[in-house]
Amino acid sequence: MRDTITTEFAAKCAASACRGCGFAGIAAVLDYGQMPPSDGFLASPETLAPSTSPRQAPGSYPLELAFCEQCGLLQILETLDPRHLFGADYLYLSSGSDSWLEHCKDNALDIISRFGLDAGSLVLETASNDGYLLQYFKQHGIPVLGVDPAPEPVRHAAERGIETIHAFFTRDLARSLAQTRSADVVISNNVLAHVADIHDFIDGVGEVLSKDGCWIIEVPYVKALVDGCAYDTVYHEHLCYFSVTALQHVLSLHRLFINDLKPLESHGGSLRLYVSRRQQQSEQVTETLGSERRDGMQELAYYLAFASSARTANRQLAGLLEDLAAQGRHIAAYAAAAKGTVLLNCLGGAARHVEYAVDRNTLKQGKWIPGVNIPIISTAEIKTRQPDYLLLLAWNLRREILLQESAWLRSGGKFIVPLPAPHILSGDDL
């Protein structure tokens with residue numbers, strides 16, 4: 001993570017067009033330097049010279065955060081090939097978290113009730129992963145269809161009996177689907193930020209959504225990112241970071257309207273938005289738009305302050321790891337999350353003090369975190385190896401993880417929670 005906005009970075013932003021509104025000339029916010037793809041876990045460690053910084057590892061790319069002062073959209077400049085990001089190496093399974101599954105079950109039941117879905121309805125989910133959400137509709141006899149580009153999650157969905165098209169969701173795919181059926185509900189959970197051509201994607205939803213249907217979107221909320229100093233949630237897979245103001249502007253270009261929303265705790269702070277062809281804006285949406293305006297979320301200064309806080313938090317965490325290592329403490333990481341790849345690579349040389357990472361996902365075990373050469377092993381190894389500290393990379397699942405590892409905590413182990421400022425949790429915090 002670079003300490004300043006360089007002339008080169010500023011010029012690159014000035015020459016770039018906004019992903020949302022197309023405005024030519026966006027503003028520089030934060031330069032992460034070179035970063036590997038956050039889910040690009042390796043089969044073997046990289047060969048790095050001792051003097052090589054993790055940020056300069058092979059297979060790394062620029063990661064630069066910018067802001068559009070025209071429509072208010074926070075975004076990164078780079079667009080990596082989505083076939084590379086979400087191909088055979090993409091091993092994230094949404095069903096890996098019990099709390100997330102509970103969240104999804106409640107969401108499904110609410111949607112069924114709210115829209116009166118039955119056996120004659122169709123629920124379509126874009127980026128449906130391993131069927132984590134659609135399974136709850138199917139359990140109630142409601143027809144479902146998933147679309148997902150990653151082969152491993154699609155295989156798991158098939159094992160659940162969830163019909164899933166192995167493909168990226170596009171306007172062309174949606175048009176072909178619309179020839180035989182339309183969806184009463186389209187769900188896009190944590191996918192809109194990943195889409196390189198956001199307008200093609202939105203057009204696709206418009207093609208397949210029934211006349212009176214509803215598009216339900218969940219996105220991490222940019223206000224939560226700023227308030228929580230969650231600089232690790234900026235990575236190549238996440239191209240955009242939405243406020244309600246910015247998303248409403250993009251959707252209005254397609255004659256779609258945000259009519260209701262619900263704040264969520266998931267992913268450190270998210271929004272569930274209800275979108276349709278008819279404008280019937282709820283009081284909640286009106287209040288949120290007003291709050292964003294009062295908080296200055298349409299101003300560059302808001303995001304430059306975040307960048308300053310991110311640099312400070314990163315320096316503090318690096319210093320903490322250096323101090324603990326100097327005391328002879330053994331440090332590991334908990335959860336090989338995508339955000340963890342970014343966090344560890346931002347630490348520079350301090351990442352060398354993290355001896356290994358543990359994860360429940362068996363597909364990740366035996367892999368290596370890119371850029372920092374940290375091996376991933378089973379969470380069962382915590383009991384065997386007894387590290388002094390675990391750096392909590394999946395900090396958004398803190399409550400769930402603390403309960404899972406309560407025995408280790410009571411035995412004297414401690415968690416390092418990296419954000420919004422580094423702090424330590426022990427058994428006394430259960």
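The values are calculated or read from the model by the stated rules, or taken from the named source; none is laboratory data. Just so it is clear, the model here is predicted, and its values are computed rather than measured. A quick note on method: Cβ atoms are made from the backbone with ideal geometry, for glycine too, and the neighbour counts reach across all protein chains shown. Remember, those area values only see protein heavy atoms, side chains included, never the ligands or the DNA or RNA. Shrake-Rupley method; radii C 1.70, N 1.55, O 1.52, S 1.80 Å.
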Residue count for the stretch 80-137, restricted to those that are within 20 Å of Leu173 (Cβ to Cβ) and of a type in the set (S, T, N, Q): 3
Hey, Leu256 closer than 19 Å to Phe67 by Cβ and either touching a strand residue (DSSP E or B) at 6+ places or on another chain (Cβ under 9 Å) or of a type in the set (D, E, K, R) (or both) or not: no
Leading residue by the ranking (nearest to Ala335 (Cα to Cα)) among those in the stretch 377-393 that are of a type in the set (Ser, Thr, Tyr) and out of contact with any helix residue (DSSP H, G or I) (no Cβ under 9 Å at 6 or more places or on another chain): Ser378
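For (1) at pLDDT 95 or above; (2) closer than 29 Å to Tyr356 by Cβ; (3) within 23 Å of the chain's Cα centre (by Cα); (4) not in a strand (DSSP E or B), each residue gets a yes or a no:
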site	(1), (2), (3), (4)
Gln284	yes, no, no, yes
Glu287	yes, no, no, yes
Glu292	yes, no, yes, yes
Tyr302	yes, no, yes, yes
Phe306	yes, no, yes, yes
Gly328	yes, yes, no, yes
Consider Ala158 carefully, then state whether it is touching a residue at least 40 places away in the same chain (Cβ under 8 Å), among the small types (Gly, Ala, Ser) and over 22 Å from Leu253 (Cα atoms). no
Working only within the stretch 205-235, note down all residues that are open to solvent by 30 Å² or more (accessible area, probe 1.4 Å), more than 18 Å from Glu292 (Cα to Cα) and assigned to a helix (DSSP H, G or I). Glu207
Give the residue, chosen from Ala305, Ala301, Ala338, that is closer than 24 Å to Ile76 by Cβ, crowded, with 20+ Cβ neighbours inside 10 Å and small (Gly, Ala, Ser). Ala338
Given Ala310, Ala333, which one is crowded, with 23+ Cβ neighbours inside 10 Å and not in a helix (DSSP H, G or I)? Ala333
Report, by residue number, each residue of the stretch 374-424 that is of a type outside the set (Asp, Glu), open to solvent by 40 Å² or more (accessible area, probe 1.4 Å) and not in a helix (DSSP H, G or I). Ala380, Gln386, Ser411, Gly412, Lys414, Pro420, Ala421, His423, Ile424
Out of the stretch 132-155, which residues are free of Cβ contacts under 8 Å to residues at least 40 places away in the same chain, under 19 Å from Arg83 (Cβ atoms) and charged (D, E, K, R)? Asp148, Arg155
Hey, among the residues in the stretch 184-200 that are in a helix (DSSP H, G or I) and open to solvent by less than 20 Å² (accessible area, probe 1.4 Å), which one's nearest to Ile111 (Cα to Cα)? Leu192
Identify the residue in the stretch 155-170 that is part of a helix (DSSP H, G or I) and among the small types (Gly, Ala, Ser) and, among all such residues, is farthest from Ser95 (Cα to Cα). Ala158
Selection count where residues are at pLDDT 90 or above and either within 14 Å of Leu65 (Cα to Cα) or among the small types (Gly, Ala, Ser) (or both), scope the stretch 19-44: 15
Spot the failing condition for Asn361; the list is (1) at pLDDT 95 or above; (2) within 21 Å of the chain's Cα centre (by Cα); (3) surrounded by fewer than 21 Cβ atoms within 10 Å (Cβ to Cβ), and only one is missed. (1)
